[in-house]
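The values are calculated or read from the model by the stated rules, or taken from the named source; none is laboratory data. Just so it is clear, the structure is predicted and the values come from calculations on it, not from any experiment. For neighbour counting, all protein chains shown are included, and Cβ atoms are generated from backbone atoms with ideal geometry for every residue, glycine included. Ligands, DNA and RNA are stripped out before the accessible areas are found, and what is left, the full protein with its side chains, is counted by its heavy atoms. Shrake-Rupley method; radii C 1.70, N 1.55, O 1.52, S 1.80 Å.
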Amino acid sequence: MEQRIGRVIRNTKETQIDLQINLDGTGRSDVDTGIGFFDHMLEGFSKHGFFDLKVKVQGDLEVDCHHTIEDTGIALGEAIKKALGDKKGIKRYGNFLLPMDETLVLCAIDLSGRPYLNFDCNFLTERVGYFDTEMVREFFYAISYSAGMNLHLKKLDGDNSHHIIEAMFKGFAKALDEACSYDPRIDGLLTTKGTL
Ligand SMILES: [Mn+2]
């Protein structure tokens, strides 16, 4: 089957982004956002979702990490939407419970075409490395809106911010991989409405 690839080039005064995702990849990544912890998270997303991911971001990190993380989320959501194309034959729904030491995170996705984010998590620390924990919600909000995705992320347990964020990125990868995958029983779009 043809590989589903989406590329987005997005340039503003705040960020310059070149991002490409292959939904039918093997988990290879080449990521450079200028924020070490964010690179670590995107590499985990690629590896555990079996997505090939290329990300090059030149952001205004002299301000803070906000624009770089938010705009990468916008570009990643747009690239996922492009790669998905007509959505014919895909499972549409995906979910995962991702444990990581003391942390347990739930992620559920519907590639419905309608954006929605339910983000239920509190952090005990303000940042991990040069990554502000309040940007996790902004990142997933950007993805849900630009991809047209219903996305629920819920921390069921956990104290360590590094664990919680990593569990969210990996759980999101596993749930998205399932939602994007094909089921041979699905003829066309999995909906009674006729459109996704
Ligand atoms: Mn880690």
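Over all orientations, the stretch 88-196 has a Cα convex hull whose mean projected area works out to 7.0 square nanometres.
Here the convex hull built on the C-alpha positions of the chain has a volume of 107 cubic angstrom per residue.
Rolled with a 1.4 Å probe across the full set of protein chains, the surface gives residue 66 an accessible area near 60 Å².
Think of the stretch 5-180 as a dipole: +1 on every Lys or Arg Cβ, -1 on every Asp or Glu Cβ, centred on the Cα centre; then among 125, 41, 146, 146 lies furthest on the positive end. Surface listing: 155, 13, 47 arranged by accessible area from highest to lowest gives 13, 47, 155, probe 1.4 Å. When the chain is treated as a GNM with alpha-carbon contacts under 10 Å, the residue of 178, 62, 126 showing the greatest mean-square fluctuation is 62. Note on surface exposure: 10, 4 rank 10, 4 by accessible area, highest first, 1.4 Å probe. For the options 124, 104, 76, a Gaussian network treatment of the chain with springs between C-alpha atoms closer than 10 Å singles out 124 as fluctuating the most. Projecting the Cα atoms of 79, 160, 113 onto the charge dipole of the chain (Cβ charges, centred on the Cα centre) puts 113 farthest toward the positive pole. The spacing between the stretch 168-190 and the stretch 64-78, judged by their C-alpha centroids, is 23 Å. Among the trypsin sites (Lys or Arg not before Pro) within the stretch 160-195, those in coil by DSSP and having at most 12 neighbouring Cβ atoms inside 10 Å are 185, 193. Once the C-beta distance of residue 64 and residue 28 is scaled by a Förster radius of 25 Å, the resulting FRET efficiency is 0.25 to the nearest 0.05.
Using the Kirkwood formula over every pair of different C-alpha atoms, what hydrodynamic radius in Å results for the stretch 1-55? Present the calculation step by step, with values, prior to reporting the outcome.
Values: mean 1/r = 0.0862 Å⁻¹.
Averaging 1/r across every pair of different Cα atoms and inverting gives 11.6 Å.
Using helices alone, what [θ] at 222 nm do you get for the chain, with -39,500 (n - 2.57) per DSSP H run of 4 or more residues, divided over all residues and rounded to the nearest 500?
Numbers: 4 runs with 66 residues, N = 196.
That comes out to -11000 deg cm²/dmol.
Note on the stretch 5-180: with neighbouring protein chains present and a 1.4 Å probe, carbon and sulfur make up 48 percent of its accessible heavy-atom surface. Going by accessible surface with a 1.4 Å probe and the largest first, 137, 28 read 28, 137.
The value of relative contact order for the stretch 5-180, using C-alpha pairs under 8 Å at least six residues apart, is 27 percent. The share of C-alpha pairs in the stretch 1-100 whose separation exceeds 24 Å stands at 24 percent. Restriction of the GluC sites (Glu not before Pro) in the stretch 68-125 to DSSP coil positions whose beta-carbon has at most 12 other beta-carbons within 10 angstrom yields 102.
Suppose R0 equals 35 Å; then what is the FRET efficiency for residue 193 and residue 47 from their Cβ-Cβ distance, rounded to the nearest 0.05? Intermediate results must be reported in sequence, preceding the final value.
Numbers: r = 35 Å, r/R0 = 0.99.
The pair residue 193/residue 47 has a calculated efficiency of 0.50.
Between residue 18 and residue 5, the simple label model (points 7 Å from Cα in the Cβ direction) yields a spacing of 1.4 nm.
Quick one: divide the alpha-carbon radius of gyration of the stretch 95-141 by 2.2 N^0.38 Å and tell me what you get.
Numbers: Rg = 12.7 Å, N = 47, 2.2 N^0.38 = 9.5 Å.
Output field value: 1.33.
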